[in-house]
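First comes the structure, then the notes that go with it.
The values are calculated or read from the model by the stated rules, or taken from the named source; none is laboratory data. It should be emphasised that the depicted structure is a prediction, and the values quoted were computed from it without experimental measurement. We place every Cβ from the backbone using ideal geometry, glycine too, and count neighbours over all the protein chains shown.
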Amino acid sequence: MSDLTTKSELPVPRSATTGEPVITTARRNRLGIWLCIVSDAAGTVALLVAYAYLWSLNVNNAWAPPKDTWADPLPFWLIWAGAVVAALAMWWAVAGIRTGRTGQFITGSVLASVVALVTFIGQIVQLSTFPFDITDGAYASTTFWLCIATALHLSVVGFLTSAMVGRFRAGRVTREDHSHARLVAMWMTWVCVAVFLGAFFATTMNTSPNTNSPTFGTFQE
């Protein structure tokens, strides 16, 4: 008999969590992350549709904030840039673990966590320094909600990237079973898209194009 081991005789990598073949758990988890992205996208689109609707209609001439004090556009794009850097760092980490470079995986995951944390703090600072309150017109309230959604996205990103470090140390992320890290990178890519859309709407759709504001309802004592 030949001492050579055929491909079919090679041991099948199994999940350290469930004991199933890693290809089985990866397929199931991939479906799960796509469902998460689709459901999150539905909520994001709802916020964007509400923003665009109120901007275009300008009911009761109540779209603009007092004295047209629009939000500074720069923080929106800096926050988006932070989300992109974090996602790139996580994809770099995934590339490392796929080829057995564990140091690259740890470095990339930690970098992604730190950048996500800094970006999250930046989002909180932006929310706390807007030149208007959430009740100062439709633009103010919708912009607040877009930024709150971004803060929630970034908090999830920070949790997931730091969790990758913990799972690696516990032996749950390996060269043979690294699908969880890749799915985190996929989620972060979607977050970049969501943050970009929010920044685009909030920085380009300011003054309402409707100068003939419709009146909706009246109030009398």
Could you pull out the residue among Trp91, Trp70, Trp77 that is surrounded by fewer than 16 Cβ atoms within 10 Å (Cβ to Cβ), under 20 Å from Phe196 (Cβ atoms) and of a type in the set (Phe, Trp, Tyr)?
-> Trp77
Of Ile134, Ile106, which residue is surrounded by fewer than 15 Cβ atoms within 10 Å (Cβ to Cβ) and β-branched (Val, Ile, Thr)?
-> Ile134
Taking segment 70-101 on its own, how many of its residues are in contact with a Gly (Cβ under 7 Å, 6 or more places away or on another chain) and farther than 29 Å from Ala140 by Cβ?
-> 5
Look through segment 24-79, keep the residues that are of a type in the set (S, T, N, Q) and closer than 21 Å to Phe144 by Cβ, and return whichever of them is modelled with the highest pLDDT.
-> Thr44
Close pairs from segment 186-214: first in contact (Cβ under 8 Å) with a residue 60 or more places away in the chain, partner not in a helix (DSSP H, G or I), Cβ under 6 Å, at least 6 apart = Asn206/Trp70; Ser208/Asn58; Ser208/Trp63; Asn210/Asn58; Ser213/Asn58
Single residue of Val45, Val49 found to be more than 25 Å from Arg167 (Cα to Cα), free of Cβ contacts under 8 Å to residues at least 24 places away in the same chain and within 15 Å of the chain's Cα centre (by Cα) | Val45
Mind counting the residues in segment 146-162 that are free of Cβ contacts under 8 Å to residues at least 12 places away in the same chain and among the aliphatic types (A, V, I, L, M)?
-> 1
So, of the residues in segment 168-191 that are of a type in the set (Lys, Arg) and at pLDDT below 85, which turns out to be farthest from Thr150 (Cα to Cα)?
-> Arg175
Among (1) closer than 21 Å to Val193 by Cβ; (2) at pLDDT below 65; (3) polar (S, T, N, Q), the one test that Ser15 misses | (1)
